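The values are calculated or read from the model by the stated rules, or taken from the named source; none is laboratory data. Just so you know, these numbers come straight off a predicted model, no measurement behind them. Methodologically, a virtual Cβ is constructed for each residue, glycine included, from the backbone with ideal geometry; neighbour enumeration extends over all protein chains shown.
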Amino acid sequence: MRKCFGCSVLGVLVVAVSATAGDVDYKAFKKRQKIERRERIQHLTEKFAPTIVTLKFVATTKMFGHETKSQKEVPGVLVSADGLVVIADSSLDPMGGARFQVMGGMPGMEMPEPKNETGDYRIIVGDETEENEARLVARDSERDLAWFRMTKVKGRSFPYLHLGDSAELQVGDAFHTMTRLQERFHRAPIVHGGTVSGRITTPRDLLVAMGGSGPVFTEDGRLAGFLIRQPDEDGDDDHGDMIQMATQFILPAEALAKATGQVRKKSSN
């Protein structure tokens, strides 16, 4: 039986060409992916950045007879044209809701918890410099939400996040969040990316995520929820477990819309 040397060479060449073509296709695919990712983030920033605001306030901490005041800034999002803003309630706590334990002391011995107060609320819309006076309208510690309304802005219409146009995320889905940097960075809007890593049903139906803050969007730019924390019944943040301290949850957009609707109804009465 004679071997076809030319056929063997041809076969090798075909395999080599196929591998090269496959490599080219893969590189083109990765390049296309990168371009699409850039376009998604650009689209999110252009569409939603005007709705992301900064809440400034004075935090007062009282402990051991001493009082300390500090200026704080946290991100929020406009949810109505007349200036209603929602933030994560836990962001108002300068201590993050954590208890203090005496290091090197008796096991289980706890220091007195500091008393935290906040006030002098002001909201900066988008990348503006003007500070608008605001008042606290409502707090929902169970869902880790707080609502503020700008005052003295009668007649002004603000860009806002439409809570009705929403989508659902599932475990394994990619998502984006949007927030703003601090004043020294001219409060530039930034987009974080992440993946839904789990789901819980107690104390309520929430998706598990890590990193970022503020509203959560699907990859195609639809509202999916809001990033929150879930301290335990004593108000602690599982200070003994660093992973749980860093864990955040996505409150579904439907739950955010329902809670906001109730706040709007009560505040208008």
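A few notes on this one:
- Residues located in region 167-191, provided they are within 19 Å of Leu78 (Cβ to Cβ) and under 14 Å from the mean Cα position of the chain (by Cα): His176, Thr177, Met178, Thr179, Arg180, Leu181, Pro189, Ile190, Val191
- Residue match in region 87-95 (condition: of a type in the set (Val, Ile, Thr) and under 22 Å from Leu227 (Cα atoms)): yes
- Identity of the residue in region 114-130, charged (D, E, K, R) and out of contact with any Ser or Thr (no Cβ under 6 Å at 6 or more places or on another chain), that ends up surrounded by the most Cβ atoms within 10 Å (Cβ to Cβ): Arg122
- Of the residues Val216, Val137, Val153, Val191, the single one that is at pLDDT below 95 and either over 25 Å from Gln71 (Cα atoms) or outside any loop (DSSP other than H, G, I, E, B) (or both) is Val191.
- Residues that are in contact with a Lys or Arg (Cβ under 9 Å, 6 or more places away or on another chain) and without any contact (Cβ under 8 Å) to a residue 12 or more places away in the chain, drawn from region 68-82: Thr68
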